[in-house]
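Below: one structure, written as C-alpha cells.
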Amino acid sequence: MAGYRELLAQLREQIGEVDPVALRAEAGPDGPVLVDVRMQSEWDEGHLPGALNIGRDYLESRIDQRVPDRDTPVVLYCESGSRSLLAAKTLLELGYTNVRNLAGGYTEWKRSGFEIVFPRSLTPGQRSRYARHLLIPEVGEEGQLKLLDSKVLMIGAGGLGSPASLYLAAAGVGTLGIVDGDIVDESNLQRQIVHSTERLGQPKVQSAKETIEALNPDVKVVPYEERISSENIERILADGWDVILDGTDNFPTRYLLNDASVWHDIPVVHGSIYRFEGQVTVFKPGAGPCYRCLFPEPPPPEMAPSCAEGGVLGVLPGIVGSLQANEVIKLLLGIGEPLVGRLLTFDALYTEFNELKLKRSESCPVCGDHPTITEYIDYVQFCQAPTAKATH
C-alpha cells in the first residue's frame, strides 16, 4: 500500500496543478471558482480574493450547493497544497470534470506577493450563538455577517411585530427599527408576546426594545415612539432600511407604506390577520405588484373592521408574524423564492394554506406605467386620530 507521500505523488500525476502566477492571470468573472478547503481559523487569517471557504471535512456535503455545475472549472487550495490535492481527488470521484490544485497552496500565493483578503469574521461568541445558521450552506458565516449588517424597519410592535421582531433578533439581524406610538395594554398580552404584564402602560417601542436586547445583545433597536404618517415617514426612512415589515392593522398605514416603498425602492413584507385568517405577501418594487395594484383605493371605512372590532385568535399572529420574519431573512440573504407576486393565505380553523398569484397592474396609480399618485395621502377618515395606529 502506498504511503502518504507516494499517494500525493500519484495524485499530482493524475490531477492538474496551476502555479500562483498562472492562476492570477486567469482571475476574473470568467475565471475558475476558487475553493479554500482549510479550517475556519486558517481562513480567518487570510485567503485568496473571491475564494469560497468549504472546509475539507464538509466538502462532500456542501460542494453541490456552492458549485452545482460539475463542469465548472474549479481550483482547490489549502495551506501548502497537500490537503487540497486529496480534496481534488474527492471532487473527481463526485463527477467534477475540471478540477485543478494550486501548487504550493496559500503559502506559495502569499510568498509571490499577491493580494490577500483578511475577512471580517464572527467572534467566538457569535459562532456559538449562530452555530445552527453556520451549518446551513445558504447562510454560513458570510450570510450571518450579512444579517448582522442588515437593517429592518418594523411598523408596529403588536401581534405581528412581536413574533417577527423576536425571530429577527434571534437570527441576528443587526438593526431593528420599531415604529409604534401605542402603550402596552392588558388586552394586548393575549397575542403580543414581546410585552409582559410588568410593562403595562409602558410605550410599546421601549418594551420591545428591552425584550429584544435581552434576547440578543448583537441587535441594536432604534425606537420611534410615534405613529407613522406622511409628516414623519421621510424622516424615518432617511435612516436607511433594507426591508420594511408591515405589522399594521389599518388601511391608511398600508397605503402610506406602499407608496413610500415604491418611491424609495424598499421591499415590504406584508402581513394581515383577522379572527382565524391570515395573509402574507412581499411587495418588491420593480419585481412584482404593489399593494395599490391589488387595491388602488381604500374600501369604505365601514367595510374595513380592525382586529379590535372583529377579534383575532391569539396564536394566529404568531404564525403569520413568523412567516413574515422568514420572508425578511430570505430577502436579506438573497436566497429562496420570496412571496413576490404570491399571496399566501392561512386558515387557522382548518389548518389550510393556499396561494394566489398576483400581477402588477399597468394602470396602478403608483407603480404603473403612468402613475397618478405622486404625493403621500393620509386617509384620516379610517381612524379617529390624524395618524394611523400601527399594531394588531
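The values are calculated or read from the model by the stated rules, or taken from the named source; none is laboratory data. Just so it is clear, the model here is predicted, and its values are computed rather than measured. All Cβ positions, even for glycine, are placed from backbone atoms using ideal geometry, and neighbour counts span all protein chains on display. Keep in mind that these areas ignore ligands, DNA and RNA; they rest on the heavy atoms of the full protein, side chains included. Shrake-Rupley method; radii C 1.70, N 1.55, O 1.52, S 1.80 Å.
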Handout entry: In Å², nearest 10: area of T123 left accessible to a 1.4 Å probe
Key = 70
Practice task
For Q202, enumerate residues with amide H under 5 Å from its amide H, sequence gap 5+ or separate chain, H modeled in the peptide plane.
Solution key: V184
Practice task
With an 8 Å cut-off on Cα pairs and a minimum separation of 6 or more residues, tell me the relative contact order of the chain in percent.
Solution key: 14
Exercise for the section: Could you do me a favour and compute the accessible area per residue for the chain, 1.4 Å probe, result in Å²? Expected result: 47
Exercise for the section: Collect residues whose amide H, placed 1.01 Å from N in the peptide plane, falls under 5 Å from the amide H of G177; neighbours closer than 5 in sequence don't count. Expected result: V152, L153, M154, V222
Handout entry: Span from the region 44-106 Cα centroid across to the region 138-183 one, whole angstrom
Key = 35
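Would you work out what percent of the accessible area of region 150-386, with all protein chains in place, is carbon or sulfur (probe 1.4 Å)?
Numbers: 5290 of 10270 Å².
Carbon and sulfur atoms account for 52 percent of the accessible area of region 150-386.
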Practice task
Mind pulling the angle between the C-alpha long axis of helix 204-215 and the longest principal axis of the chain? Nearest 10 degrees, somewhere in 0 to 90.
Solution key: 20
Fill in the blank from the handout: Phi-derived 3J(HN,Hα) across region 8-21 with the Karplus relation (6.51, -1.76, 1.60, θ = phi - 60°), rounded Hz, x for Gly and Pro, is 5, 5, 5, 5, 5, 6, 8, 10, x, 10, 10, 8, x, 5
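Once you list every other residue whose beta carbon is under 14 Å from the beta carbon of G113, what net charge do they have if Lys and Arg are +1 and Asp and Glu are -1? Walk me through the numbers on the way to the answer.
Numbers: positive: R24, K110, R111; negative: D19, E108, E115.
Around G113, the surrounding residues sum to 0.
Among DSSP beta bridges lying fully in region 90-249, give the percent that are antiparallel, nearest 5. Write out the running numbers ahead of the final one.
Details: 1 of 15 bridges.
Among the beta bridges of region 90-249, antiparallel pairing accounts for roughly 5 percent.
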Fill in the blank from the handout: Ordering R191, R129 by the accessible surface of their heavy atoms, 1.4 Å probe, largest first, yields R129, R191
Handout entry: Accessible surface ranking that places the most exposed of R38, R111, R100, R132 first, with a 1.4 angstrom probe
Key = R132, R111, R100, R38
Fill in the blank from the handout: Computed over the Cα atoms of the chain, the Rg and Dmax in Å are 25.7, 86
Exercise for the section: Could I have the simple spin-label model distance between Q40 and A27, label points 7 Å from Cα toward Cβ, reported in nm to one decimal? Expected result: 2.6
Problem - Whole-Hz couplings from phi, Karplus 6.51/-1.76/1.60, listed for region 43-60; x for Gly and Pro - result: 4, 5, 8, x, 8, 6, x, x, 6, 9, 9, 10, x, 3, 5, 10, 4, 4
Exercise for the section: Determine ³J(HN,Hα), in whole Hz, for all residues of region 177-191 in sequence, where each value follows from phi through the Karplus function 6.51 cos²θ - 1.76 cosθ + 1.60 and θ = phi - 60°; x replaces Gly and Pro. Expected result: x, 10, 10, 6, x, 9, 10, 6, 10, 4, 5, 6, 6, 5, 8
Practice task
Hey, can you grab everything whose amide H is under 5 Å from the amide H of N98? Only 5+ residues off in sequence or another chain; H modelled, so Pro and N-termini drop out.
Solution key: V74
